[in-house]
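Below you'll find the structure, written out as structure tokens, and then a few comments.
The values are calculated or read from the model by the stated rules, or taken from the named source; none is laboratory data. Computed from a predicted model, the values in this text were never measured in an experiment. Glycine gets a Cβ as well: all are built from the backbone with ideal geometry, and neighbour counts include every protein chain shown. In case anyone asks, the SASA skips ligands and DNA or RNA and just uses the protein heavy atoms, side chains included. Shrake-Rupley method; radii C 1.70, N 1.55, O 1.52, S 1.80 Å.
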Amino acid sequence: MSRWLPGILLLFLVLPVSVEALEDPARSDELKALIGKYEAELFKVRLRPALPPLPEDAPARAGKRPGRRPAGGRKQPPNRKGKPLAGRRLTQVVSAVKPILRGIARLDERVAFDYLALQWKDGPVALKPTVTEAVVLSEDPRAPALVFSDFSKLTVNVRLAALETLNRRKFTKFWREHLVRVAPKLSSRDCLVAAVPLLGQVKTLESARHNFRFLAHDVAEVNADTDLGDLAVTALFGMAADEEINAWLKGEAFAAEELSPTRLYVYVAMAGGLQMVQDRKRLVRYLKHEYAPVVIAATASLVQLGAKDGAREVLRLLARRRGYELVAYRIKLLDAIARGAASSGVQILVKLLKSKDEDLRAVVMGSLGLASGNKIALAGLVGGLMDNHSRVRASALRSLEGVVKRLGGSTIMIGPLIEYLDLEKQYRLRIDALTLLIRVSGHNMGLVTADWKKWWEHEKDRFVAQTSLEAAQTAVKAHDLSYFGIEITSKRMAFLLDVSNSMLAKARGPEARKLGLSKLDVMKAELAKVVEKLPLGSGINIMIFDRTIRVWEKNLKILTRTVRKKALAYARGLTTGGGTNIFDTVERALKDPLVDTIYLLTDGAATTGRFKDPEGMLKGIREFNRARGITIHCIAFGREVEWMRKCAEENGGKYRYVAE
């Protein structure tokens, strides 16, 4: 035995010191497990996690000079040999580590935040935006100072990640103070878009001035940035209840005769809601402006300031347009009226709910959702649940969901939601109403309305609604059937499937690799599984797209045993082609009056169709679906697609990234 002893001792000297031996003993088992998972994901792509400095008494490894890991003063060695981590590989590692980092952020342990702070300072640069998101989600009081201490020196991606994450969490006093401090240094347009709603929550004259300054960030702009302008209008109207801010908006803010294009757009959009009666003549001049959004905003303000019947004037303006132009104009004009949240504008919208045109009533429901801080608007939305047309009811329900997400629930929603749950016949709308009712009430009694009525009769006089932005979110389980992890809660659905040639690439999931399956094979198998399990009587259609659109049936088909066999044969026989026509396929599905839910799956960007750019597709889908209220779920196959995430969010659906 003694002859092996020198070799064993030498082996211990050669082996590196284990990370576990240097770990803080205060770390919980859960934290240690999460850290292990995080570092394992990094090692897969040859990235090094940041490690704390070695303790003073740490033994040196044989053959190495004694030394310690740099504590931040010395430049770290390159984190990855060869090409930097980017593209698909970066997307995959971000998708893998994001839930792990969020898990660490949720832990109520000081050492958990210490680890996040270490990764934020010295970890892989490619993952800094993802780590930033976790740091901002943390409730540790040191987080604001860490993120905002040298905010202007951070890359645009890191700053944007911090601001976008702040929009998704409770915006506390500490975060507000730090944001107001760094606001003057913000310049990137994306950062400004994320910062405007946050500064709107601060509600001080200083934050209002910051938002106003953002509107002139581009000195070379020719036309107004309406997206930034609309956010500013909403934020400034939310601050206008303060007398000092209100006086500044009516006086100094827009006093200059020559305004930058975006400031001009904001001015004409706010003049009506602020009741700037003295500016009528100035607004009339802008009715002949060359930029259409300015004309629409000026029209909306004049309607709110006019002595005539505002609702009748709106109907007269809408009667001048036809077709797709009418849909877009309706949305822009009515939304412009709603953003003011002034009683005069809201009353105009409520009067329009008496129109015999169900599409107009559905659009009005969406507009009332923008003025949800107004009690009359909220009452109009609640009343819309009893409309005799399903499209209007769906739009009202969608708007109420948005109100709850932004502002929390209200007690006046519960009684009408219970009544709606009892009367609604469409299955998907009942599930959506139940989900909303659970979120507002904090209780789950399923679809049994008798139980809900009994509970409400007992509780209504003393009940306080869930007003937190993180209100109760008990899951609603319709039945045990899902499509790529998204539960199927509809009985009238269309599957929109990408069959471009890129779908022939090999899938990289462990099971798919073993079987040598392509992405197309995986997609077909998942669709076949759903078709096999759907209950008889469900409505289904399958639309596939490459550069063209091919539909299984012209309209939704009711599932019988014979129809199921035909659908399975079609699903299993899908073939590929060139190009990707996303928008026209979605538009085709939205035109089917029987469809109430869409599942959109694609692995790439659009290459053909009426709209190919993400912003154009989002805007077109949003406008077309405004009067339909269809739920759109989006599945990004093989890579994260941000516009699909937004599409699902804007259209009441869920987003899933499938790593093949």
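General remarks:
- Cβ charges +1 (Lys, Arg) and -1 (Asp, Glu), total dipole of the range 543-591, debye: 380
- Rounded to 10°, Cα long-axis angle of helix 205-214 versus longest principal axis of the chain: 90
- Taking each of LYS185/LYS405; LYS121/LYS153; LYS351/LYS460; LYS405/LYS454; LYS506/LYS565; LYS332/LYS654 in turn, the alpha-carbon distance tops 19 angstrom for LYS185/LYS405; LYS351/LYS460; LYS405/LYS454; LYS506/LYS565; LYS332/LYS654.
- The phi torsions of the range 241-246, fed into the Karplus equation with coefficients 6.51, -1.76 and 1.60 and a -60° offset, translate into couplings of 5, 6, 4, 5, 5, 4 Hz, rounded to whole numbers, with Gly and Pro shown as x.
- The residues of the chain present an accessible area of 48 Å² per residue when probed at 1.4 Å with all protein chains retained.
- For the range 409-455 versus the range 136-150, the gap between their alpha-carbon centres in whole angstrom: 39
- Whole-percent carbon and sulfur share, accessible surface of the chain, 1.4 Å: 54
- Cα-centre dipole for the chain with unit charges at Cβ (Lys and Arg positive, Asp and Glu negative), debye to 20: 1760
- As a length-normalised measure over Cα pairs under 8 Å and 6 or more apart, the relative contact order of the chain settles at 7 percent.
- Electrostatic dipole magnitude of the range 569-660 [Cβ: Lys, Arg +1; Asp, Glu -1; Cα centre; debye, to 20]: 160
- Ranked by how many other beta carbons lie within 10 Å on average, peptides 640-647, 557-564 from highest: 640-647, 557-564
- Prolate/oblate/rounded call for the range 145-248, Cα gyration tensor, a/c under 1.5 rounded: oblate
- Using θ = phi - 60° and Karplus 6.51 cos²θ - 1.76 cosθ + 1.60, couplings along the range 489-505 (whole Hz; Gly, Pro as x): 10, 10, 10, 9, 10, 10, 9, 10, 10, 6, 10, 5, 4, 5, 6, 7, 5
- Overall shape: oblate for the range 506-660, with the ratio a/c of the largest to smallest alpha carbon gyration tensor axis at 1.5 or above and b/c at least equal to a/b.
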